[in-house]
Amino acid sequence: MTTPITLYARDVSGYCCKVRIALAHKAIAYTDAEPPDGYGSPAYRAIVPAGTIPGLVQGDLVLSESEAIVEYLNELVPDPAMLPGDAVARARLRQLSRFHDTRLEPPLRTLFAHVTPSARDMAVVETQLKLFEARLAELAALATPAPLLAGAALSLADLGYPATFMLARGMAEAFGRALAMPETLVAYEAALAAHPSVAPALARCREATDAWFAMKLAG
């Protein structure tokens with residue numbers, strides 16, 4: 001691989017964390033860049049038309065959407081493989097990856113506007129946290145981590161969960177509430193956090209997220 005990769009990202013983004021984990025696991029060198037003038041800006045859209053993060057640029061290739069990016073990285077550098085060879089096993093892992101992006105993470109996103117105490121609606125907070133916990137229960141019914149979703153090897157399906165679990169615990173703490181997580185997922189969360197490809201990206205995301213919570217809670 002000779003064409004350099006630039007990743008447009010922000011540390012506080014769980015989806016950027018997801019891509020950084022894949023880059024680390026594949027040992028792919030890349031340049032980190034902040035979106036010029038912030039994501040969504042005309043300057044950034046001139047580079048990444050969607051205006052969203054993460055954005056990956058490699059020569060003429062411009063990718064947005066974390067799922068498309070990590071699928072590309074998995075094919076770009078085949079070893080270590082992050083999807084199994086069996087079609088059924090691949091389909092099950094892709095289902096779990098999409099479950100994260102479309103079912104589990106969205107309830108947390110709705111809570112961003114409620115972290116600042118003066119803007120908080122506790123009825124919305126409680127509804128969305130309960131929905132998130134219901135989705136955790138659904139995930140526990142769908143998946144059997146051993147210790148990760150594909151067994152011992154890190155897979156594409158695992159990549160979104162570390163930052164989302166971390167964010168969920170931060171949200172619950174910000175609202176003075178304990179998070180109800182099935183025991184199988186508690187063990188899964190610990191296994192993810194300890195993985196050498198996950199830990200550095202997660203630490204980076206956690207530092208930025210903690211700073212964001214501190215700023216919002218002081219507002």
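What the table shows:
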| quantity | calculated |
| --- | --- |
| First in segment 178-201 and open to solvent by 60 Å² or more (accessible area, probe 1.4 Å), second anywhere and aliphatic (A, V, I, L, M) and part of a loop (DSSP other than H, G, I, E, B), Cβ under 9 Å, 6 or more apart | T184/A143 |
| Selection from segment 15-47 of residues that are small (G, A, S) and either modelled with pLDDT under 95 or more than 19 Å from N74 (Cα to Cα) (or both) | A33, G38, G40, S41, A43, A46 |
| Subset of segment 91-129 [over 24 Å from L149 (Cα atoms) and charged (D, E, K, R)] | R120, D121, E126 |
| Within segment 1-36, tally of residues that are surrounded by fewer than 14 Cβ atoms within 10 Å (Cβ to Cβ), in a loop (DSSP other than H, G, I, E, B) and either touching a strand residue (DSSP E or B) at 6+ places or on another chain (Cβ under 6 Å) or of a type in the set (G, A, S) (or both) | 3 |
| Flag for L73 being in contact with a Phe, Trp or Tyr (Cβ under 9 Å, 6 or more places away or on another chain) and either in a helix (DSSP H, G or I) or open to solvent by less than 10 Å² (accessible area, probe 1.4 Å) (or both) | no |
| Boolean, A43 is under 18 Å from E105 (Cβ atoms), among the small types (G, A, S) and out of contact with any Phe, Trp or Tyr (no Cβ under 6 Å at 6 or more places or on another chain) | no |
| Filter result (open to solvent by less than 40 Å² (accessible area, probe 1.4 Å) and in a helix (DSSP H, G or I)) within segment 129-158 | L129, F132, E133, R135, L136, L139, A140, L156, A157, D158 |
| All positions within segment 22-66 that are touching a Cys at 6+ places or on another chain (Cβ under 9 Å) and either at positive phi or not hydrophobic (A, V, I, L, M, F, W, C) (or both) | P54, S66 |
| Criterion violated by Y8 - all others in (1) within 21 Å of P162 (Cβ to Cβ); (2) out of contact with any Gly (no Cβ under 6 Å at 6 or more places or on another chain) satisfied | (2) |
| Within segment 37-55, tally of residues that are part of a helix (DSSP H, G or I) and more than 30 Å from G170 (Cα to Cα) | 3 |
| Segment 76-90 - residue that is farther than 21 Å from T144 by Cβ and assigned to a loop (DSSP other than H, G, I, E, B) and, of those, most open to solvent (accessible area, probe 1.4 Å) | D79 |
| Candidate set from segment 159-177 (those that are buried (at least 21 other Cβ atoms within 10 Å of the Cβ) and among the hydrophobic types (A, V, I, L, M, F, W, C)); member that is farthest from the chain's Cα centre (by Cα) | M171 |
| Test: residue in segment 58-71 that is more than 26 Å from A178 (Cβ to Cβ), in contact (Cβ under 8 Å) with a residue 60 or more places away in the chain and touching a strand residue (DSSP E or B) at 6+ places or on another chain (Cβ under 9 Å) | no |
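The values are calculated or read from the model by the stated rules, or taken from the named source; none is laboratory data. Only a predicted model underlies this, so the values are computations on that prediction, with no experimental measurement involved. Neighbour counts are summed over all protein chains in view; Cβ atoms, including those assigned to glycine, are modelled from backbone coordinates with ideal geometry. Heavy atoms of the whole protein, side chains included, go into the accessibility calculation; ligands, DNA and RNA do not. Shrake-Rupley method; radii C 1.70, N 1.55, O 1.52, S 1.80 Å.
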